Amino acid sequence: MNYKMIGRILSMVALAELLFMIPALLISVAYDRDGATHAFAVTIAAVGILSLITYFACIKSETRFYAREGLVSVGLGWIVLSLIGCLPFYISGEIPNFLDAFFESVSGFTTTGASIMSNVEGLTEGMLYWRSFTHWLGGMGVLVFILAVIPASGKSSGFTMHLLRAESPGPDVGKLVPRMRQTAVILYGLYIVLTILDFVFLLAGHMDVLEAICTAFGTAGTGGFGVKNDSIASYSPYIQNVCTVFMILFGINFTCYYFLLLGKVKDVFKDEELRLYLGVIAASIVLIAINIRPMYDSLEETVRHSAFQVATVITTTGFATTDFDMWPTFSKMIMVMLMFIGASAGSTGGGFKCGRLLLLFKTLRRNLEKTLNPQKIKVVRNNGRPVNEKVLLSLYTYLIAYVFIMIVSILVVSLNGESMTTTVTAVIACFNNIGPGLDGVGPTCNYGGLNVLSKVTLIFDMLAGRLEIFPILLLITRKTWKKLV
Amino acid sequence: MKIIIAGAGKVGSMLTRWLVSEGHEIILVDRRKEILENCSEQFDILAVQGNCAAVNTLKQTGVEDADVIIAVTGGDEYNLLCCLTAHTLNPDIHTIARIRNPEYADQIYNMQETFASSLAVNPEKDAAREIDKLLKYPGFLRRDTFAKDRAEIVELKVKPGSPMENISLMDLNNILKSKVLVCAINRGGVVFAPSGDFVLQTDDHLFVTGSREELTKMLKSIGIITRKVKSVMLCGGGKVSYYLAKLLSESGVQVELIEKDYERCVHLAEVLPDVSVVNGDASNQNFLESEGIQNADAVVALTSFDEMNMIISLYAKNYGVEQVVTKVDHVENQIIKDAVGLESVVCPKDLCCNHIVRYIRAMENKSGAALSVHTFADGQMEALEFKVDADTRNIDVPLKDMNLKKGVLVACITRGGNLIIPDGSSSYRVNDGIVIVKSGDVNIGKINDIFA
């Protein structure tokens, strides 16, 4: 294992994060919040010095860098990211318990949006900004950002592929253009443009500037931290609709936007994953709207709430405009299913991903046909192109790990003694990076009441969910740390 | 530049490594998924799976706005079809094809336009030429020529008992009695540019630059006899052997070629009338002895197995053959070569890559880029040839006053037909050619990059 190289990457992650902490510091200064200013300043100074020392200690590293190093750097990188991210909350005393602060930070970076806070409005402006910003950075990934900024060193330039693959969601990660740096620049460019667009639309609805920034960050990263205790519910219908549209947009594979820019409109709308994603959204909105029609006064309100809740759950954002825990069981079941499906591969959203689901269905159909006629040779295709059996194999592995982690987590969280629904949906909501679940962890409640063991389990689930399981799972595998793999 | 490389074999992946490190955008095409995965994990490139000669695959690589396509797959016909298709899709593209079959050799040059090939490379022929140069000019382990063959960089080894042993570089010119410049030393696999007080030891490899006459003088003064090679034994009857035998026999050298396969022997005997072709196993020591290996002036080991070539070379050295050249395809590490005791080593793959990279650098020439590039000392050092133009900095400034980058050395200056081996007071003018030597980790694209 190339520890020095990993050390260098980790210190770069820390430095990049501190750079982004500066606006939060400035906001705290501007609003004259001494506690928050102090917390940010201390974090930036202390961590800054520490990571500079690490960086220079590791500067003479070898260039050996393989899949193992890539996965370990990403896994450790995100833990470091969350640890540093929670320091301002803890130091300022705005979240007095360290584990709670860490939970909040992990929830932010993994774009989950599960909160332990009962009174969000009690946070100071700088903290609110930082809390929402963690979503934005976590959405596209901090290592992708580093790849975009720092030129790849000539000799071992291929290592960047290991980082991208380990950090980006989806079954089959590839580059858009030959150079990794350009690929990262394109991804972040699209991300920034869409975020600014969202921000402008929110401002047009007369939203407060800081609230608009925070909400845009929460939407872009498909995170879901709100700035109000009732999330988005108290905002105007216009703002709610803007959020709905942008949540859906951020749940689409960013490659689609790149192809749109290149003028390949036809290819984009023929994309099977996009069709499935939009189809599922449309069907769910209609079904839920019919089911909950009696609960609301006007048709407009019914559809608006139905659409918002469907968008927030399938893109794994986790905002809320209404308490869907009060909905009829049929609608609630649809919501739970949407939690599993998740957004598209290559988007900022989490969950199992539409693309994976599609491939699973196709494999199931293929294998059924094979049972009827064992001699039959059939390839699974995606968008007309044959899918490599290796990709399918890693898909099965992913499914096994996904189900296994879910079952064990539910078992551990059940020690908490909450209701069945609370226990199960808490794990589902954290593992799929959604945020609110049902019942005890529903949209109007929070995760503050759980015990330490449950919180640690859910922190693990959130990280595993965001990084698509393997980078985190490998960190606790003994073989990873052996000299020979 | 945007460069498509078709075929991710030995040459393809080596080219990928070089061209990526020079900052080009590389798209690698191959049929084999595993190899592509391996390459895209090592290098920052885009990998496309498919048949490189098919329009569909080529379109996926974005051939329409690519600058160069390099076809180095296993089949000549494939490579040609690939270039032809690419050229049809994008008439401005430069196409480089590897053509190895001797039967095609002539038509490639005569029908270059028909085949739409800008450059055809033949690794085996390049290797044969290289070996021919070494044999006709013995004493050096390796030679690279520059500036229309006027300047050379040669490699030689300090043998036990040589007058160069334990001499510092400052005093070296008195011993060599010639005007040459030592630009790099390889000691035990570590390559560096030496300073004046550096003391030479046995088994050091020296890289020396100078004009041909001065280098000949140098050989004489250190007691290496430059007797002309009159009889050569070639072990192995592959393509390199064929080309080499042809070159040597045309210049009147007596050639004996040993090949195991009977059919191949018959074929070689048909196409090489002046060469004595022997059917036998070159790994058999008794057989070599009976063929008179001890009387040969030079032995060249050219079988398709590296291990076999090394063993044959060791036999030959054991019999006191003066010059032994070994073809090696896979062993890249100088330490292994030294441990086995190989001296002159020729690697067709390296030569082919060198050739292609030189062409690509020349394409960029408009912006003051290198005219040619040669790598030596296991790829740890590079020699680059530039032309001085009006935009070049430090014209007419003595070298000792220039602020060159660390690890960069001006090895020679060519002016008109003359070669100048520079010292501190030399300077260059517009329209001169200069050759600089640098270590591999310094990045130089344009001539003005050599200054700190």
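The values are calculated or read from the model by the stated rules, or taken from the named source; none is laboratory data. Model, not experiment: these values are computed from the prediction. Every residue, glycine among them, receives a Cβ derived from its backbone with ideal geometry; neighbour counts consider all protein chains shown. For the accessible areas, the whole protein counts, side chains as well, though only heavy atoms, and no ligand, DNA or RNA atoms are used. Shrake-Rupley method; radii C 1.70, N 1.55, O 1.52, S 1.80 Å.
Pairs are defined by a Cβ separation below 9 Å, a sequence spacing of at least 6 or placement on different chains, a first member in the range A:457-485 that is over 25 Å from A:His135 (Cβ atoms) and crowded, with 24+ Cβ neighbours inside 10 Å, and a second member that is hydrophobic (A, V, I, L, M, F, W, C) and modelled with pLDDT of 90 or more; no pair meets this definition. Listed by first and then second residue, the pairs with beta-carbon distance under 7 Å, at least 6 apart or on different chains, first residue in the range B:37-48 and farther than 19 Å from B:Val63 by Cα, second charged (D, E, K, R) and in a helix (DSSP H, G or I), are B:Phe43/B:Arg17.
Where in the range B:8-97 are the helices (runs of 4 or more DSSP H), entirely inside, with at least 1 residues that are touching a Phe, Trp or Tyr at 6+ places or on another chain (Cβ under 6 Å) and within 14 Å of another protein chain (Cβ to nearest Cβ)? Where helices (runs of 4 or more DSSP H) fall fully within the range B:8-97 and carry at least 1 residues being touching a Phe, Trp or Tyr at 6+ places or on another chain (Cβ under 6 Å) and within 14 Å of another protein chain (Cβ to nearest Cβ), they are B:10-21. Scanning the range A:338-386 for residues that are of a type in the set (S, T, N, Q) and part of a loop (DSSP other than H, G, I, E, B) turns up A:Ser344, A:Ser347, A:Thr348, A:Asn373, A:Gln375, A:Asn383.
Considering only residues in the range B:185-214 that are part of a loop (DSSP other than H, G, I, E, B) and aliphatic (A, V, I, L, M), the one that is least open to solvent (accessible area, probe 1.4 Å) turns out to be B:Leu200.
Every listed requirement among (1) of a type in the set (D, E, K, R); (2) open to solvent by less than 60 Å² (accessible area, probe 1.4 Å); (3) assigned to a helix (DSSP H, G or I) is met by B:Glu270 save one, (2).
Yes/no matrix, rows are residues, columns are (1) out of contact with any Gly (no Cβ under 8 Å at 6 or more places or on another chain); (2) surrounded by fewer than 17 Cβ atoms within 10 Å (Cβ to Cβ); (3) in a loop (DSSP other than H, G, I, E, B):
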{"position": "A:Gly263", "(1), (2), (3)": "yes, yes, yes"}
{"position": "A:Arg275", "(1), (2), (3)": "yes, yes, no"}
{"position": "A:Ala282", "(1), (2), (3)": "yes, yes, no"}
{"position": "A:Ala289", "(1), (2), (3)": "yes, no, no"}
{"position": "A:Ile292", "(1), (2), (3)": "yes, no, no"}
{"position": "A:His305", "(1), (2), (3)": "yes, no, no"}
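Residues of the range B:156-172 that are open to solvent by 30 Å² or more (accessible area, probe 1.4 Å) and touching a residue at least 60 places away in the same chain (Cβ under 8 Å): B:Lys157, B:Pro163. Look at the range B:380-407: where a residue is hydroxyl-bearing (Ser, Thr, Tyr) and a partner is surrounded by 15 or more Cβ atoms within 10 Å (Cβ to Cβ), sitting 6+ places away or on another chain with Cβ atoms under 7 Å, you get B:Thr392/B:Ile447.
Of all residues in the range A:97-131, those satisfying the criterion of being in a helix (DSSP H, G or I), open to solvent by 10 Å² or more (accessible area, probe 1.4 Å) and either hydrophobic (A, V, I, L, M, F, W, C) or in contact (Cβ under 8 Å) with a residue 40 or more places away in the chain (or both) are A:Phe98, A:Leu99, A:Asp100, A:Phe102, A:Val120, A:Glu121, A:Glu125, A:Leu128, A:Tyr129. For the range B:364-381, how many residues are surrounded by fewer than 20 Cβ atoms within 10 Å (Cβ to Cβ), farther than 11 Å from B:Ile447 by Cβ and either among the hydroxyl-bearing types (Ser, Thr, Tyr) or at pLDDT 80 or above (or both)? Number of matching residues: 1. Taking into account only those residues within the range A:404-456 that are touching a residue at least 60 places away in the same chain (Cβ under 8 Å), more than 25 Å from A:Ala343 (Cβ to Cβ) and assigned to a helix (DSSP H, G or I), which is most open to solvent (accessible area, probe 1.4 Å)? Across the range A:404-456, the extreme among qualifying residues is A:Val452. Residues of the range A:56-76 that are of a type in the set (S, T, N, Q), more than 10 Å from A:Leu163 (Cβ to Cβ) and either assigned to a helix (DSSP H, G or I) or in contact with a Ser or Thr (Cβ under 6 Å, 6 or more places away or on another chain) (or both): A:Thr63 alone. Can you pull out the residues in the range B:215-242 that are open to solvent by less than 50 Å² (accessible area, probe 1.4 Å) and farther than 20 Å from B:Asn279 by Cβ? Once the filter is applied, which keeps residues that are open to solvent by less than 50 Å² (accessible area, probe 1.4 Å) and farther than 20 Å from B:Asn279 by Cβ, the range B:215-242 yields B:Leu215, B:Thr216, B:Met218, B:Leu219, B:Ser221, B:Ile222, B:Val229. Reported count of residues in the range A:132-143, each being open to solvent by 10 Å² or more (accessible area, probe 1.4 Å) and outside any helix (DSSP H, G or I), is 0.
Scan the range B:240-259 and give yes if some residue there is at pLDDT below 80 and either closer than 25 Å to B:Lys133 by Cα or of a type in the set (A, V, I, L, M) (or both), otherwise no. Looking through the range B:240-259, none of the residues is at pLDDT below 80 and either closer than 25 Å to B:Lys133 by Cα or of a type in the set (A, V, I, L, M) (or both).
With respect to A:Phe40, is the statement that it is farther than 26 Å from A:Leu474 by Cα, at pLDDT 90 or above and crowded, with 22+ Cβ neighbours inside 10 Å true? The answer is yes for A:Phe40.
Residue-by-condition table, conditions (1) open to solvent by 30 Å² or more (accessible area, probe 1.4 Å); (2) assigned to a helix (DSSP H, G or I); (3) away from every other protein chain (no Cβ under 14 Å); (4) touching a residue at least 12 places away in the same chain (Cβ under 8 Å):
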site: A:Leu176; (1), (2), (3), (4): yes, no, no, yes
site: A:Tyr191; (1), (2), (3), (4): no, yes, yes, yes
site: A:Thr195; (1), (2), (3), (4): no, yes, yes, yes
site: A:Phe199; (1), (2), (3), (4): yes, yes, yes, yes
site: A:Leu202; (1), (2), (3), (4): no, yes, yes, yes
site: A:Thr219; (1), (2), (3), (4): no, yes, yes, yes
site: A:Phe225; (1), (2), (3), (4): no, no, yes, yes
site: A:Ser231; (1), (2), (3), (4): no, no, yes, yes
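Can you give me the number of residues within the range B:297-329 that are more than 17 Å from B:Leu135 (Cα to Cα), open to solvent by 30 Å² or more (accessible area, probe 1.4 Å) and not in a loop (DSSP other than H, G, I, E, B)? Within the range B:297-329, residues that are more than 17 Å from B:Leu135 (Cα to Cα), open to solvent by 30 Å² or more (accessible area, probe 1.4 Å) and not in a loop (DSSP other than H, G, I, E, B) number 6. Put simply, of B:Asp350, B:Asp389, B:Asp441, B:Asp401 the only residue that is under 21 Å from B:Val68 (Cβ atoms), of a type in the set (Asp, Glu) and open to solvent by 50 Å² or more (accessible area, probe 1.4 Å) is B:Asp350.
When B:Ile175, B:Ile131, B:Ile153 are checked against the criterion of being open to solvent by less than 20 Å² (accessible area, probe 1.4 Å) and not in a strand (DSSP E or B), a single residue qualifies: B:Ile131. Does B:Asp281 qualify as being in contact with a Ser or Thr (Cβ under 9 Å, 6 or more places away or on another chain), free of Cβ contacts under 8 Å to residues at least 40 places away in the same chain, surrounded by fewer than 16 Cβ atoms within 10 Å (Cβ to Cβ) and of a type outside the set (Lys, Arg)? No: the conditions fail for B:Asp281. Beta carbons closer than 8 Å, at least 6 apart along the sequence or on distinct chains, pair a first residue in the range B:18-34 that is within 22 Å of B:Lys59 (Cβ to Cβ) and assigned by TED's automatic domain parsing to the domain that holds B:Ala53 with a second that is open to solvent by 40 Å² or more (accessible area, probe 1.4 Å) and in a loop (DSSP other than H, G, I, E, B) for B:His24/B:Met1; B:Glu25/A:Arg179; B:Glu25/B:Met1; B:Arg31/B:Asn51; B:Lys33/A:Asn388.
Do you know which of the residues in the range B:1-17 that are without any contact (Cβ under 8 Å) to a residue 60 or more places away in the chain and not polar (S, T, N, Q) is least open to solvent (accessible area, probe 1.4 Å)? So the residue we want is B:Ala8.
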